[in-house]
4 protein chains.
Amino acid sequence: MRAIRKNEAGPGLSLVDVPVPRIGPDEVLIRVAAAGICGTDAHIYQWDSWAQGRIRPPLVLGHEFAGRIVELGSAVRGYAKGDRVSAEGHLACGVCPLCRTGQAHICPSMKIIGVDVDGAFAEFAKMPASNLWKIDDGIPDEVAAIHDPLGNAFHTTMAAPVAGRTVLILGCGPIGLFACGIARASGAVRVIASDLNDARLQIARKMGAHVVVNGSREDLAGLVRRETEGLGVDVALEMSGAPPAIVQALSLVRNGGDVQLLGLPNGAVLVNLAEDVIFKGITVRGILGRRMYDTWYQVRGFLRAGLLDPQPVITHRAPFTEFERALQDLIAGKAGKIVLTFPQ
Amino acid sequence: MRAIRKNEAGPGLSLVDVPVPRIGPDEVLIRVAAAGICGTDAHIYQWDSWAQGRIRPPLVLGHEFAGRIVELGSAVRGYAKGDRVSAEGHLACGVCPLCRTGQAHICPSMKIIGVDVDGAFAEFAKMPASNLWKIDDGIPDEVAAIHDPLGNAFHTTMAAPVAGRTVLILGCGPIGLFACGIARASGAVRVIASDLNDARLQIARKMGAHVVVNGSREDLAGLVRRETEGLGVDVALEMSGAPPAIVQALSLVRNGGDVQLLGLPNGAVLVNLAEDVIFKGITVRGILGRRMYDTWYQVRGFLRAGLLDPQPVITHRAPFTEFERALQDLIAGKAGKIVLTFPQ
Amino acid sequence: MRAIRKNEAGPGLSLVDVPVPRIGPDEVLIRVAAAGICGTDAHIYQWDSWAQGRIRPPLVLGHEFAGRIVELGSAVRGYAKGDRVSAEGHLACGVCPLCRTGQAHICPSMKIIGVDVDGAFAEFAKMPASNLWKIDDGIPDEVAAIHDPLGNAFHTTMAAPVAGRTVLILGCGPIGLFACGIARASGAVRVIASDLNDARLQIARKMGAHVVVNGSREDLAGLVRRETEGLGVDVALEMSGAPPAIVQALSLVRNGGDVQLLGLPNGAVLVNLAEDVIFKGITVRGILGRRMYDTWYQVRGFLRAGLLDPQPVITHRAPFTEFERALQDLIAGKAGKIVLTFPQ
Amino acid sequence: MRAIRKNEAGPGLSLVDVPVPRIGPDEVLIRVAAAGICGTDAHIYQWDSWAQGRIRPPLVLGHEFAGRIVELGSAVRGYAKGDRVSAEGHLACGVCPLCRTGQAHICPSMKIIGVDVDGAFAEFAKMPASNLWKIDDGIPDEVAAIHDPLGNAFHTTMAAPVAGRTVLILGCGPIGLFACGIARASGAVRVIASDLNDARLQIARKMGAHVVVNGSREDLAGLVRRETEGLGVDVALEMSGAPPAIVQALSLVRNGGDVQLLGLPNGAVLVNLAEDVIFKGITVRGILGRRMYDTWYQVRGFLRAGLLDPQPVITHRAPFTEFERALQDLIAGKAGKIVLTFPQ
């Protein structure tokens, strides 16, 4: 089969022919229909310092995907050939105290497909049956393929109540954009979205943000004060990983408010813990992955109920063989979510 | 001034002339503009067993209202003559352990205006400044007047998460109807409303219920099973106080689900605690009044954001002098919320 | 092997010879060292109405036990022959929404060993590896054997905070007695234990209850008022299943307090929902089994730290062949926890 | 009366004669019996950069104290002359959204006695009646006088569950030392206390720490790994404000754990948000003051129940006139808590 692979340590990715994965008794083989490109894939492509420390080539990339089951291991129950599925790409160990107490998403021994083991940028991918997620008939492949980042957005947005509250979303990449829609549909009384890119802010508006702010030329702090009677927002969702945005999240939340951090900064960040965290009595939560599988039920529920349409965030579709141009568009900041399609 | 008063033990209410209330240093005098009629008022009017046990005539009725401040006590700060206000009608003691730990709404020494002390079915009413709630300019008097039952609905609906969850609302009186709208606006993926009255169910639909069920001729249990893949609803809000509905709330919620009880049954209720509560591991919460004042901020937030329009629930308006016909309509089940208006 | 079995519908139990269980790839075979007798076993022995509705003979009883692994299925990882283990006896389906969201203890398809499938009152028992729990070296077999009811007590006591709060425990069977010790060790400022049996109340005192009350001749309500300045207790743990105790739990908890119901009443219970639940704004939780496996970590932690000594609750030990006399003692109310021992 | 006052901008404090405070209708006058010295007082004495930015002399210092009511304002109810009281020294505005929703301890307009307005290092102090806290007869003055820092310790320790969990306490000043005792009494299975001062660590042991670590010569990280099977602690309480300790709190808590930050660092701190917060999915809470008045009830409850004896932490007592030597001892790190006594 063909796969998009990091062949060796260094920048770039290659389209290669590799054997179809062989499945174990608890696994299924999936014919991939569509796969989303994540910022993580771009880091691996560019071979930045994080990638150099984590990735062990050769590695097939890709952790956001959907497809059809074509083969089932002998011990798999509850699935059949032809089932349309996406999957949780975090492979937890299943036996540690975290896994045994409902916190598998932060299992210390977790492996991630497309990062630690071969992933889904390929014509076929294998997954443990425990990680599968059935897709409703009405859901298009391209939406099924991005359940992973949709789930990141749900996990972050649902980490504290938003109904009746003001929500600031910093960073309008795909996850931040999804979060705009989720917060709006969940009763947030004011959704303020911030980014440095006007095209993304336009999508934020479509997704439901009441107010959008381009921090490169507008005063976010002043706007938050005006919108919140000087108190600050109830909830800040940090989706960018940019240190200045992290600092804003902490400084613009009201006393007693909630800050969820999803975006990953490069290196340590200088934080005014006394002024911004302790004196204000706020709560800061690190958010990783998706709750297994509470988050997935939320994604399904919102999609079924028509509470969220993620498609405005998908700005580009491309055959998987054109991955290189897609990655360039992503790196250039020209794209929202890009979905690769595979021949069926 | 004129007031609607229970003059003596027994059925009925009278329109009487009484002195304008005199305010203390921490109180304000309010010229009442509009007042909502509550089921409680009907109980007092009819002089049922609850009323006989609780009410000590003479008593001016009315606990849902709005108006303008016309006089301020010497110690009142933060308000001015002419301010439009509604108010929390539960007068908590302020010094008991409940009051001192954020649970004033269940203060054991609480007195309620219109029930324990003179209320707001009068041209003027007095209130402690601590209980006042300023009303935004754009809010009509009739909506301002029903912040109390709106708050009941918020308190009940917000007692457990509803975003991404299925919600069953039993009883479509005004509070149940408001709850339909609140749950829908807060991300409930399925709002099922149940009542025995088709007119109310039509309003439930307007307020946002996805599905309405007339229990007198439809099989609610079967419908819940179909809508929830046999599991039961995530959340049940019991707003009727009818024992069969309470039993349904408990039996139709899924294992691990949440049942909020607001409706007040007459007398004890036979509950299958083993089957419906313990084996299922559910959580049942009694809900009284409104959180002081978290709930009020939620009401304001939803109204400001346009997330909820309570006006479809207001089916009748009448000059306060026509209170008797209004009460008859309420008792006959012909009305949603009835708002009495006062000359300004 | 020998096993204690319900051979056919009707009262009684028999000591029979049956084949040693055969294990599947995900299972282990355990040589049972000790097993606790639960009230449930007595119900099955007596063949009461609940047993008649649930039990399908032939059935080997027993769900509280410990022993050594003697055989491992081919897919089992993380365990070895000779490991001392107890096990969670609730066999959840693993694939339903409850199981996939951390609520496996209330899986609607759950089967219980010794109730729905053959159990551990036998020389050998098989268990899925996922349900095993390793036992520290220092823990005696008889304590290892009662991790199941210990876990019930932790699950109930930990369902709401007890540190700094007053706790009423109704029913001093083994689970209630364990709860006395857990609440005391967890910072409860006052543990009040109630029962009708003085011998049990003496053990309650040993386990840490500050005050014990024999409801057959003392006024529990008056005592609670005196101990709580008239407010009621912060937390009530109902461990008896007796309807009068359930009613007391609800009426003696303070406004805003927490009631956990673990004891299973026979039939429906008349509850003053308006007075005792709604007006008081309390929270009532049904408690079943043990959180998988949060509760088990709590049991281990308390035992390791020496925070709880469950041995005073074990009043009787007997060879498993003397099960009949043990059951008679239990039914006569003469015993705390009875542990059966098996030849090694 | 005599008072310890900062007379003018600059280092030092003076014993001066000032008028006895005049009380308003909602206030009481208290004859001070004892007062604790806080690190904050030392900062003001030394006139560090924080003090220069916040303090506006002249100012009577002191916010930890107890005494007897000697005069009551006309509107005060529920107190009488001679009542022994301590008081919450945070004066919240009472009308902002934070104050009206149970979060008065982080009121943005809060003033603190001894910091923003005259405090309690004086023979008499005035307090609003709303902030008073009655002291049980059996409680010695020196314990009554330190309810404020005791409350800080309760607020921090109770911010997440500790029963059944491992707790790391960084910094064994008085608040950290109290926290050792509170955590131990609340069911923590392992309390690890860390400091650089052996004398303090000895007190930590007396207060209930299972393990104490002098970070200047022992490997805290290694010890935590050994004590927690490599996972990290469940809860870390940062009580020192030292940046290296803050970094340790974040790095030594397990995935999904809780970090409470109470100690105030000078200036911004470099935090590895990606590695230590986001990838680990932890929750970080800023803690300020005491919950009004939930925390105070916890203090009372633990003292009444004998769950905590704070007296080992009080290493020095001195007549208030010897404040200068006391402050020098505090600054030199020779003391735990120092209590000043006043003539009665």
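Coordinate-derived values only; no laboratory data. For clarity, every value in this text was computed on a predicted model and none was experimentally measured. Glycine also receives a Cβ, built like all others from the backbone with ideal geometry; neighbour counts cover every protein chain displayed.
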Counting only other chains, what is the mean number of Cβ atoms within 10 angstrom of the Cβ of each residue in peptide B:60-73?
0
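Using +1 on the beta carbon of Lys and Arg, -1 on that of Asp and Glu, and nothing else charged, what's the dipole of the range C:153-286 about the Cα centre, debye to 20?
Here the size comes out at about 300 debye.
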Residues whose built amide H sits under 5 Å from the amide H of D:Leu91, excluding neighbours closer than 5 in sequence, are D:Lys111, D:Ile112, D:Ile113
Note on the range C:1-126: alpha-carbon gyration tensor, axes a ≥ b ≥ c; rule is a/c under 1.5 for rounded, else prolate if a/b larger than b/c, else oblate; result oblate
Only loop residues by DSSP count here, and only those with at most 14 other Cβ atoms within 10 Å; note down the GluC sites (Glu not before Pro) in the range C:205-252 that meet that.
C:Glu218, C:Glu229
Taking the alpha-carbon centre of each part, the distance from the range A:171-229 to the range C:179-223 in Å is 56
Give, as ranges by residue number, the residues of the range B:149-189 whose backbone N falls under 15 Å from the point 7 Å along Cα→Cβ of B:Asp329.
B:174
So if R0 is 60 Å, what FRET efficiency would B:Asn197 and B:Arg77 give, r being the distance between their Cβ atoms, rounded to the nearest 0.05?
0.85
Inter-copy label distances at D:Arg56 (7 Å, Cα→Cβ; nm, one decimal)
4.8, 6.3, 7.9
For B:Leu270, other-chain or 5+-apart residues with amide H closer than 5 Å (H placed, Pro excluded) are C:Val271
Could you give me the ³J(HN,Hα) list for the range C:109-120, computed from phi with Karplus coefficients 6.51, -1.76, 1.60 and θ = phi - 60°, whole Hz, x at Gly and Pro?
9, 4, 10, 10, 5, x, 10, 9, 9, 4, x, 10
For the range A:283-292, what does the Karplus curve 6.51 cos²θ - 1.76 cosθ + 1.60, with θ = phi - 60°, yield as ³J(HN,Hα) per residue in whole Hz, taken in order and with x for Gly and Pro?
10, 10, 10, x, 10, 10, x, 9, 4, 9
Over 21 Å (Cα to Cα) - which of B:Lys81/B:Lys111; B:Lys280/C:Lys280; C:Lys81/C:Lys126 fall in this group
B:Lys81/B:Lys111; B:Lys280/C:Lys280
So how strong a dipole does the range B:1-49 carry about its Cα centre when Lys and Arg Cβ are +1 and Asp and Glu Cβ are -1, to the nearest 20 debye?
180
Can you pull out the GluC sites (Glu not before Pro) in the range B:243-336 whose DSSP state is coil and whose Cβ has at most 13 other Cβ atoms within 10 Å?
none
Within the under-9-Å Cβ sphere about D:Lys126, not counting D:Lys126, Lys/Arg +1 and Asp/Glu -1 give a net charge of -2
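For D:Val70 and C:Gln311, what is the calculated FRET efficiency with R₀ set at 60 Å and r taken between the beta-carbons, to the nearest 0.05?
Efficiency, from the Cβ-Cβ distance: 0.60.
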Shortest-first nm distances, A:Gly73 label point to equivalent points in other copies (7 Å, Cα→Cβ):
1.3, 7.1, 7.1
First check a/c for the range D:182-247, with a ≥ b ≥ c the square roots of the eigenvalues of its C-alpha gyration tensor; if it is under 1.5, answer rounded, and if not, answer prolate when a/b is larger than b/c or oblate otherwise.
rounded
Relative contact order of chain D, defined on C-alpha pairs under 8 angstrom at six or more residues apart (%):
17
Binning every alpha carbon pair distance of chain A at 10 Å from zero, what are the percents per bin?
6, 25, 34, 24, 9, 2, 0
Report the far tail of the P(r) of the protein assembly as shown, meaning the percent of Cα-Cα pairs longer than 66 Å.
9
Report the relative contact order of the range D:149-287, percent, no decimals, based on alpha-carbon pairs under 8 angstrom and at least 6 residues apart.
22
Assume the label is 7 Å from Cα along Cα to beta carbon: what separations in nm does C:Pro11 have to the matching positions in the other copies?
5.7, 8.6, 9.0
Rounded to whole Å, how close does chain A get to the rotation axis onto C by Cβ? Give me the residue too, please?
A:Gly102, 2
Charge dipole of chain B about the Cα centre (unit charges at C-beta), most positive-ward option of B:Val167, B:Leu330, B:Val269
B:Val167
Can you list the equivalent-ellipsoid semi-axes of the range A:260-343, largest first and in whole Å, using the square root of 5 times each Cα gyration tensor eigenvalue?
33, 22, 11
Distance in nm between C:Arg54 and D:Asp48 label points, each 7 Å along Cα→Cβ, equals 6.2
Across 5 Å bins beginning at 0, the whole-percent shares of Cα-Cα pair distances in the range B:153-286 come to 2, 12, 24, 27, 22, 10, 3, 0
Non-local amide H neighbours of B:Val212 (under 5 Å, H modeled in plane, Pro and chain starts lacking H): which ones?
B:Ala193
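Nearest 500 deg cm²/dmol is fine: what mean residue ellipticity at 222 nm does chain D get from its DSSP H runs of n ≥ 4 alone, each adding -39,500 (n - 2.57), divided by its residue count?
Mean residue ellipticity at 222 nm (helix-derived): -7500 deg cm²/dmol.
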For the range B:263-344, which trypsin sites (Lys or Arg not before Pro) are in a loop by DSSP, counting at most 13 other Cβ atoms within 10 Å?
B:Lys334
Determine ³J(HN,Hα), in whole Hz, for all residues of the range D:222-229 in sequence, where each value follows from phi through the Karplus function 6.51 cos²θ - 1.76 cosθ + 1.60 and θ = phi - 60°; x replaces Gly and Pro.
x, 4, 4, 4, 5, 6, 10, 6
Check: the range B:40-178 dipole with +1 on Lys, Arg Cβ and -1 on Asp, Glu Cβ, in debye:
480
